[in-house]
1. What single numbered condition from (1) open to solvent by 30 Å² or more (accessible area, probe 1.4 Å); (2) farther than 30 Å from A:VAL282 by Cβ; (3) not in a loop (DSSP other than H, G, I, E, B) fails to hold for B:ALA355?
2. Taking the criterion of being in contact with a Gly (Cβ under 8 Å, 6 or more places away or on another chain), open to solvent by less than 50 Å² (accessible area, probe 1.4 Å), under 30 Å from A:GLN262 (Cβ atoms) and at pLDDT below 95, would at least one residue in the range A:302-316 satisfy it?
3. Of the conditions (1) closer than 18 Å to A:LYS313 by Cβ; (2) open to solvent by less than 60 Å² (accessible area, probe 1.4 Å), B:GLY242 clears all except one; give me its number.
4. Sort out which residues of the range D:206-227 are open to solvent by less than 40 Å² (accessible area, probe 1.4 Å), touching a strand residue (DSSP E or B) at 6+ places or on another chain (Cβ under 7 Å) and outside any strand (DSSP E or B), and write them in order of number.
5. Consider C:ASN297 carefully, then state whether it is without any contact (Cβ under 8 Å) to a residue 40 or more places away in the chain, among the polar types (S, T, N, Q) and either assigned by TED's automatic domain parsing to the domain that holds C:PRO9 or more than 18 Å from C:HIS59 (Cα to Cα) (or both).
6. Looking only at the range D:250-282, how many residues end up being modelled with pLDDT under 95, of a type in the set (A, V, I, L, M, F, W, C) and more than 22 Å from the chain's Cα centre (by Cα)?
7. Is there any pair linking a residue in the range A:210-221 that is among the acidic types (Asp, Glu) to one that is surrounded by 22 or more Cβ atoms within 10 Å (Cβ to Cβ), with Cβ under 9 Å and at least six apart or on different chains, and which?
8. Quick one: in the range A:39-64, of everything that is of a type outside the set (S, T, N, Q) and within 14 Å of another protein chain (Cβ to nearest Cβ), which residue is most open to solvent (accessible area, probe 1.4 Å)?
There are 4 protein chains.
Amino acid sequence: MKAVVYREPFSVEVSDVEDPSIQDPNDVVIRVTSTCICGSDLHMYEGRTAAESGIVFGHENMGVVEEVGPGVASVKKGDRVSMPFNVACGFCKNCLNNKTGFCLTVNPGFAGGAYGYVSMGPYTGGQAEYLRVPFADFNCLQLPKGDEFENDFAMLADIFPTGYHAAVLAGVSPGETVAVYGGGPVGLMAAYSSLLRGASKVWVVDRVASRLQLAEDMGAIPVDFSKADAAEQIKEQTGGEGSDKGIDAVGYQATVAEGEEQPASVLNSLIETVRPTGRLGVVGLYLPADPGAPDENSAEGKLLFNVGKYFEKGLAMGSGQADVKSYNRYLRDLIVAGRAKPSFVVSKELPLAEAPDAYQRFDKREDGYSKVVLKPGLAA
Amino acid sequence: MKAVVYREPFSVEVSDVEDPSIQDPNDVVIRVTSTCICGSDLHMYEGRTAAESGIVFGHENMGVVEEVGPGVASVKKGDRVSMPFNVACGFCKNCLNNKTGFCLTVNPGFAGGAYGYVSMGPYTGGQAEYLRVPFADFNCLQLPKGDEFENDFAMLADIFPTGYHAAVLAGVSPGETVAVYGGGPVGLMAAYSSLLRGASKVWVVDRVASRLQLAEDMGAIPVDFSKADAAEQIKEQTGGEGSDKGIDAVGYQATVAEGEEQPASVLNSLIETVRPTGRLGVVGLYLPADPGAPDENSAEGKLLFNVGKYFEKGLAMGSGQADVKSYNRYLRDLIVAGRAKPSFVVSKELPLAEAPDAYQRFDKREDGYSKVVLKPGLAA
Amino acid sequence: MKAVVYREPFSVEVSDVEDPSIQDPNDVVIRVTSTCICGSDLHMYEGRTAAESGIVFGHENMGVVEEVGPGVASVKKGDRVSMPFNVACGFCKNCLNNKTGFCLTVNPGFAGGAYGYVSMGPYTGGQAEYLRVPFADFNCLQLPKGDEFENDFAMLADIFPTGYHAAVLAGVSPGETVAVYGGGPVGLMAAYSSLLRGASKVWVVDRVASRLQLAEDMGAIPVDFSKADAAEQIKEQTGGEGSDKGIDAVGYQATVAEGEEQPASVLNSLIETVRPTGRLGVVGLYLPADPGAPDENSAEGKLLFNVGKYFEKGLAMGSGQADVKSYNRYLRDLIVAGRAKPSFVVSKELPLAEAPDAYQRFDKREDGYSKVVLKPGLAA
Amino acid sequence: MKAVVYREPFSVEVSDVEDPSIQDPNDVVIRVTSTCICGSDLHMYEGRTAAESGIVFGHENMGVVEEVGPGVASVKKGDRVSMPFNVACGFCKNCLNNKTGFCLTVNPGFAGGAYGYVSMGPYTGGQAEYLRVPFADFNCLQLPKGDEFENDFAMLADIFPTGYHAAVLAGVSPGETVAVYGGGPVGLMAAYSSLLRGASKVWVVDRVASRLQLAEDMGAIPVDFSKADAAEQIKEQTGGEGSDKGIDAVGYQATVAEGEEQPASVLNSLIETVRPTGRLGVVGLYLPADPGAPDENSAEGKLLFNVGKYFEKGLAMGSGQADVKSYNRYLRDLIVAGRAKPSFVVSKELPLAEAPDAYQRFDKREDGYSKVVLKPGLAA
């Protein structure tokens, strides 16, 4: 089959790879109908990870079941399904606690697995025609058959639940105010999810005009941090108090100005932005090892974090990759009921063959490539 | 009346000060029966704060009501009461959210007030014969009359609820394992509270033998970090996994060896100690400004925090001073029912007149002065 | 001043009564700007309670502060405020648990107090020009000055928080489905609140066409139980499964057909309607004594409740009058942010003088009288 | 193999039945080491259910793994394991919500399955030498190898988690008071669990002296309801207020006097016993159909429930069979840590061959037969 294969930094190609097959009684094989390119794929693409040549990318997958292992009880050939980017077993201690992003079974020696990602276990990515899904009863989310809502459902594998997870980590509840740092697809989903959870006001902080426009269109209040300090702008709009909750959808590659990375800047801005007793949800990525970091401590994931202020204000902060399985059913139901339409972030649909070009343009932040959905079934 | 008055660094004296009186219809005046010296009093005592000469110390107070303002509805002359160290109004946004440690009313311009503490509002301390209590209906906790459980109840103003708060911030629930860093009175109370909440195993990390002994006597597992890395010791006892939850009862004055302060060392050890998906409760003090800090960043409360590892493990961390009012009723009921006996940490009872000597010895960590209860009614 | 005074069954009049005044240091006096007639006022109006002649009605009150007692700290003359229908102290055990509907202070011998209601304490109602508010710091919710959102804010005293309380009792969370029995103002607010909390689908069960129309206009799915069994209709729309959650906004005066009361019929229908593991929120009124009940057991509040089915399905059920204070701040903020507009249920604004006529018409369920807001400042 | 087989009312025998085998890739077969007789087995034994001749009893099972299906990932031959009495799949909607007692997969057409129980699916009971366990990765709880804590672990399949579930449904938290109706094994486990969760005072209501004695020995306060009304006794001990929480560990066969069943009497007593705002946890069994009921309504599970008082007091009530899987890991850890010892309720160990005699004596409530653990490995 055809698949998007990583070759070397700044180079992927669409090659023939071996077809996936049932390896365990609990496996199914999926014909992929939609699979997205994710910002986190760029870490590998840019060569800032240990990813080796030959890895097939793709962790935001959905499709139709083609083959079913003999131990699978609930998934049938022909079912339309979405898979969380996290591969999980469903029975380890963490899965039982709904912490499926930290499964102890699927990636021995590490808490958590994923498709098509370096160090996340032996699971080939879904930017391909077919995909093997282990522990299929647990990992497949049933979708209504047909092709309605395809791009909305395509958001269920990662970014919609990841944005929602941020809102859960921050404990967003009805009537509260929320400051979201980062207006990329995940930040927009975090803001959107906060509104779905009943937030009264949501700010989205970025400096890219198109992102701020999308945020405003969706009901959030745009804050351009290149114009003035974001925390100050939000305090001004809250009588000096700050927001109730804060979300980091940026991570360690935070820049304070064009090209100038300051890895802790978003975290410390959030500490300024939220009011005493506030809570933070951090889904932007931080790494324990970053060879490209601006300094030695950052290279080990140690950042100058404003602990003094954090403590004085009595803040709390949850973090980590989303436990997609905990949310995707509910978000699916909101889509089906017409109450959520996350596909508003999709900027383009492309056949698999155009993936190499799309990666290149996305990496350069070209307009129209902020959220690409690959369609393996589309003629190139 | 007599009161413990701060004069200059390393010097307090027992002097005559003006008797407190009803200043607002919601005030009461208390005759103090027990008032403890707290580790946090030493920050002022050592001259590491902006505390000025003349301030009356004492935020861990209990006593008997002597005088009652005309607006007070539920507190009567003769009632025996305990007061949270936090002064709170009961009706601001934070008090309504049970965040009474961050009251927005009692100390204008800052979230939170306390008795006898620099920058915490105009509330004279209780290391004295009498104490004025504002918003008395809200701030007084009723105790059974008489003198039973006096030293247990004396723990209700601060350290028992503060230890309990740590367990709440860490989300300690039945069957879980908890690592507590710090075996001083607050750390012991955090460990004790974790056991009361049903923890299966609790470790107390310290290097002072007498503290480790107290921890063991009370049902915890002692970990001497001067013998070997604490995180490693705890991992060894959990099959390499780490504890479910972690508590910081040390704060910014953490030392890695005699006299060598490393302000972030306990936080980063906790990140190592707890397992992925774990939660931390931080009640050890961190400050946004610390003139005595070992380096410039620490002086502003910015510490090299292992954000990368924290995120990878998907940790969460709650922090801040305890909202005593949220817990003291329940802890009182456990004392009265005979199911909690926090006075096991009390090392000595002394008359008010001996406070200057007690401060000096406590500051030197002399044996027997780890938790002193002053008894203003005791003849010197 | 003028006030709506109960005279005898089916008769209220607007009479001169004594002006309220500051009786306690913590009181304020309010000039009433809006005060609603509530379905629960009809219980007294119809003579089905122990209410005696002379009682001033009105528990859904808002207005502007005219006079302030010397113990009040945060409320100032000229402030625009809303008062929960529950009178509460803010410092008793139940208020501290946010159960302000069950205050132990304000109505000695009973858990809970209210304005202008039989057996709910000595608090004169607000269908009048002025109103005394006790424990004003706790009971007054600050509103933006002016007259914007007046009718929306008028819903904050009772029905909006009561509807919201139903959704909280049922544990409505994002993506879930909810069946609301009763399409009167409280039922509509419960459905509206469920949607604000992110429900995917909400059904409103009634048989009055105008109510079902309002429900549909607001985003709910109307279910006419006079056409077919409501539980069956909802099961059909959920693949036979039933809804996740259920709300009773009807209470003991449930009728299965015109005029035929069956007090347990809504509760038992809900047990059929929700799926196993579901949760019910009951805010429709049930009474321990009802002289007008259809049978002896009902007269004592004992109803034939389908406990067997309830247990088999593993259901849970929360009940009781709303703790308005727990919700009104957040709901206010949603109104101010333009994200909630509860005034859609208001059917008419009238001057105080027209109250007697309005009661009569409301009691007859005349069109246009389903939710009347009295405006004491309006010329008759 | 040998197994306890139901023949006809009041008659079981130990017979040869077919050995269980791997039927699905996710199955394991267990050699049973301990399996308890449960009060709920008596419903079938007494012929009050639809159980047919030939059914093998036993849902409280533990043992050692003998054979492992090819789809099983984490369970190995030789592992010592405990199985929840609920059979569950781990991936349906209810299992994902930790509601494993209401699994939608294992017993088509009904929410919930169990071993060896009428209408609970095709799962043969474990009062036998061997047992087939489906979905083994999910249903097997790992235990330390060997035979330590055998009888404590034997309580993990049902009654310890069921008692704990009652405390969870009632929301028992530290410092609260709890009234438990029923001093049989489940009631004792509910009281014990409440204390483990930090309750300050727990009452156990019964009239059998030996049960009340066990309750007292374990730290609860015995209440003999044959001496005086239980609710009144508990109110007297709480200053007239009532307990914070209440637990029903009796169910529909509640008797108010020797032999006189009043199915709703415990529920209505609980409504009297708990204070306003209280919560009830109901794990005593109620059935939607009971042919032996004292009246027609009870026969359909409809009981005269004091809804009026329930609502006036603002109570909440959770119910249903325990989701054992949600608790058994934590309770196991408390046993291993030496902090829980639930085997105090075990009255006798017997070889399988003595099961017929044990059933007979247990059914007659003979002393020493209140909790029998059968040991299939024990020579008769």
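1. Here B:ALA355 meets the rest and fails (1).
2. no
3. Condition not satisfied by B:GLY242: (1).
4. The answer is D:LEU212, D:ALA215, D:ALA220.
5. Working: without any contact (Cβ under 8 Å) to a residue 40 or more places away in the chain: yes; among the polar types (S, T, N, Q): yes; either assigned by TED's automatic domain parsing to the domain that holds C:PRO9 or more than 18 Å from C:HIS59 (Cα to Cα) (or both): yes.
The answer is yes for C:ASN297.
6. 2
7. As it stands, the answer is A:GLU216/A:VAL204, since those pairs meet every condition given.
8. Kept after step one, since they are of a type outside the set (S, T, N, Q), are these residues of the range A:39-64: A:39, A:41-48, A:50-52, A:54-60, A:62-64.
Next cut, within 14 Å of another protein chain (Cβ to nearest Cβ) only: A:43, A:48.
Working: A:HIS43: 25, A:ARG48: 63 Å².
Across the range A:39-64, the extreme among qualifying residues is A:ARG48.
The values are calculated or read from the model by the stated rules, or taken from the named source; none is laboratory data. Source: prediction; values computed, not measured. Cβ sites come from the backbone with ideal geometry, for glycine too, and all protein chains shown count toward neighbours. Heads up: the accessible areas ignore ligands, DNA and RNA and are worked out on the full protein's heavy atoms, side chains in. Shrake-Rupley method; radii C 1.70, N 1.55, O 1.52, S 1.80 Å.
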